[in-house]
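These notes concern the structure reproduced below.
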């Protein structure tokens, strides 16, 4: 079975094919044994919609037994998926924040019908879609357009995201949190070799910034001002940069 056919499966089909069913944080998970390379897999559904971005397949974990895969899937899903209550809890660290944001951007919106922002096709098809979505709800968090019938769902998604942002603002004076967050993004953007826009790329992960030039450090404060960083956040950035260069010298050369 192709990945397209798997992702197009209805919940009734997954249920019929499953060898085990489980509920993880309000999501129905069906463990299915495909006969091809996808093998023993976990398919995720909620609100009668296939949350296929959260699926996992044996194909990606070669060499593991079925019991090992089952344990791996359950553990992974408990980290991928969140209840509304969990989303409003204090943020543990930067990885926790990013995982929750990813969930709200990618998994949560799949519970209802939508038309994605992202489209590949002819100009004629694009124009048809443009006309259709002009009467739909622009869901900037889900990167999609939703139908009027799901307006309350979209409002709730925005409320959850606002609550998460509020939790992040509670950490604005937490030096250790921001140091670790900046260090993570510096590694993510290869800060040490990204000479021409290292600061721009790194700090863009924390909000909207203008291009001020980036070859040297003269413009860092301009980016800080764009983000309205306080003194704690600014000191944390310089501390993270110092630690990054230490890590780089120990691990990359």
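The values are calculated or read from the model by the stated rules, or taken from the named source; none is laboratory data. No experiment lies behind these values; they were computed from the predicted model shown. With ideal geometry, Cβ positions are generated from the backbone for all residues, glycine too; neighbour counts draw on all protein chains shown.
Could you please find all residues in segment 90-126 being within 27 Å of residue 183 (Cβ to Cβ) and loosely packed, with under 13 Cβ neighbours inside 10 Å? 90, 92 - these are the residues of segment 90-126 that are within 27 Å of residue 183 (Cβ to Cβ) and loosely packed, with under 13 Cβ neighbours inside 10 Å. In summary, residue 89 fulfils each of the numbered conditions (1) touching a strand residue (DSSP E or B) at 6+ places or on another chain (Cβ under 7 Å); (2) assigned to a loop (DSSP other than H, G, I, E, B) with the single exception of condition (1). Sub-7 Å Cβ pairs linking a first residue in segment 149-169 that is in contact (Cβ under 8 Å) with a residue 60 or more places away in the chain to a second residue that is loosely packed, with under 11 Cβ neighbours inside 10 Å and not in a helix (DSSP H, G or I), at least 6 apart or interchain, are 167/90, ordered by first then second residue.
Filtered by the rule that a residue be closer than 21 Å to residue 210 by Cβ and in a helix (DSSP H, G or I), segment 227-246 gives 233, 234, 237, 238, 241.
Here segment 108-130 is the region considered, the condition is being in a helix (DSSP H, G or I) and in contact (Cβ under 8 Å) with a residue 60 or more places away in the chain, and the residue that is farthest from the chain's Cα centre (by Cα) is 111.
For segment 131-154, the candidate set comprises residues that are surrounded by 11 or more Cβ atoms within 10 Å (Cβ to Cβ) and over 25 Å from residue 11 (Cβ atoms); within that set, the residue that is farthest from the chain's Cα centre (by Cα) is 132.
Checking segment 3-13 against the condition returns no match, with no residue being in a strand (DSSP E or B), more than 24 Å from the chain's Cα centre (by Cα) and farther than 30 Å from residue 175 by Cβ. Of the listed requirements (1) surrounded by 19 or more Cβ atoms within 10 Å (Cβ to Cβ); (2) more than 28 Å from residue 93 (Cβ to Cβ); (3) in contact with a helix residue (DSSP H, G or I) (Cβ under 7 Å, 6 or more places away or on another chain), residue 57 misses just one: (3). Within the option set 225, 188, 165, being assigned by TED's automatic domain parsing to the domain that holds residue 136 and surrounded by fewer than 19 Cβ atoms within 10 Å (Cβ to Cβ) holds for one residue only, 165. So is residue 41 more than 22 Å from the chain's Cα centre (by Cα), surrounded by 15 or more Cβ atoms within 10 Å (Cβ to Cβ) and modelled with pLDDT of 95 or more or not? Spelling it out, it is not the case that residue 41 is more than 22 Å from the chain's Cα centre (by Cα), surrounded by 15 or more Cβ atoms within 10 Å (Cβ to Cβ) and modelled with pLDDT of 95 or more. Which is within 21 Å of residue 115 (Cα to Cα) and either touching a strand residue (DSSP E or B) at 6+ places or on another chain (Cβ under 6 Å) or at pLDDT below 95 (or both), of 196, 191, 145, 158? One residue alone meets the criteria, 145. Out of all the residues in segment 192-207, is one or more part of a helix (DSSP H, G or I), touching a residue at least 24 places away in the same chain (Cβ under 8 Å) and not assigned by TED's automatic domain parsing to the domain that holds residue 118? Within segment 192-207, one or more residues are part of a helix (DSSP H, G or I), touching a residue at least 24 places away in the same chain (Cβ under 8 Å) and not assigned by TED's automatic domain parsing to the domain that holds residue 118.
Checked against the criterion of being on the phi > 0 side of the Ramachandran plot, part of a loop (DSSP other than H, G, I, E, B) and surrounded by 15 or more Cβ atoms within 10 Å (Cβ to Cβ), segment 60-74 contains not a single residue that satisfies it.
Checked against (1) surrounded by fewer than 11 Cβ atoms within 10 Å (Cβ to Cβ); (2) within 19 Å of the chain's Cα centre (by Cα); (3) within 18 Å of residue 246 (Cβ to Cβ), residue 193 passes all but a single condition, namely (2).
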